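Derivation of every value follows stated rules applied to the coordinates shown; laboratory data play no part. Here the structure is a predicted model, which is why all the values come from computation and not from measurement. Reconstructed Cβ throughout: ideal geometry from the backbone, glycine too, with neighbour counts over all protein chains shown.
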Amino acid sequence: MSNRLLVLIFLIVASACSRKVTVTDPDFVKDNKLVFSVQDFSYLNTRTKIQYKDEDRSVSTSANIRIKKDSIIWMSLTPLFGIEVARALITKDSLILLNRLNKEYMVYDFKNLSEKFQFDINYHLIQSLILGNMPLEYQDMNEIVSSKQFYIIKQQSGPYSIDNYINRQLMKLQKVEVSEEPKKNKMIMEFDDHQKVEMFTIPFHSLISLDYEHGEGLKSTEINIKHGHAELASALRFPFEIPSRYERK
């Protein structure tokens with residue numbers, strides 16, 4: 001796997017599989033405003049299957065994802081025979097990636113990552129989407145459009161327009177559409193197969209489609225994510241050490 005591909009997989013996988021690792025779900029509508037409930041926990045652990053596809057390649061891998069609330073997202077990729085090929089540590093400030101195949105590591109801050117992928121990337125966004133939460137916190141001034149199937153919460157953040165589709169029957173986030181003007185960058189995140197994890201409900205299946213300007217045209221990327229298992233924990237370890245022989249890229 002190339003370093004760029006590994007970075008993109010880790011970022012979008014983390015995105016699909018949080019706001020603060022606090023679960024915030026809309027319960028009902030009152031006076032044309034959605035009323036939210038907030039539930040809290042400390043640690044989450046998942047075992048996940050990932051399929052990545054773009055115009056040039058298709059990659060399938062298994063991943064172990066661990067989260068410490070508001071602090072750390074840790075991931076390990078094991079595509080073949082349980083052998084780890086990469087490990088990532090995402091904090092509020094940066095992403096550190098170990099590429100075990102090439103014996104090298106990379107350190108990125110979110111400003112550089114946003115410039116690299118032409119999309120606003122931050123810890124808040126990544127964490128918000130692991131549990132199928134809205135990438136931006138709901139505000140009373142947000143416009144709500146009601147359809148037969150969805151409540152659509154419309155938000156604006158700088159050049160980004162965000163439409164959050166809340167399933168009226170489940171009262172769960174089912175889809176997020178993010179577009180950037182005047183560029184043609186667009187990301188669509190779809191969530192389904194919501195399952196209980198103790199007292200919480202999270203999407204066990206996520207599909208992320210990203211179209212972004214690259215050179216003379218648009219590039220398309222798709223990542224399909226399925227959790228095979230998810231559990232809460234009272235504590236988790238986040239082992240991460242850079243071997244002295246690894247070269248920084």
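Overview of results
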read-out	value
SER147/LYS249 FRET efficiency (R0 41 Å; Cβ-Cβ; nearest 0.05)	0.30
Förster radius 22 Å - calculated FRET efficiency between GLN169 and LEU232 (Cβ-Cβ, nearest 0.05)	0.30
Rough spin-label spacing in nm, given labels placed 7 Å along Cα→Cβ, for ASN64 and PHE81	1.9 nm
Distance between modelled label sites at SER94 and GLU181, nm, 7 Å Cα→Cβ extension	3.7 nm
Computed label-point distance, nm, for sites PHE240 and HIS194 using a 7 Å Cα→Cβ extension	3.1 nm
Inter-centroid distance (Cα atoms) of segment 123-164 relative to segment 186-249, Å	18 Å
Order by protection proxy (mean Cβ within 10 Å, highest first), peptides 152-158, 223-229, 202-208	202-208, 223-229, 152-158
Fully extended contour minus Cα-Cα distance, from ASN45 to ASP211, at 0.36 nm per residue	56.8 nm
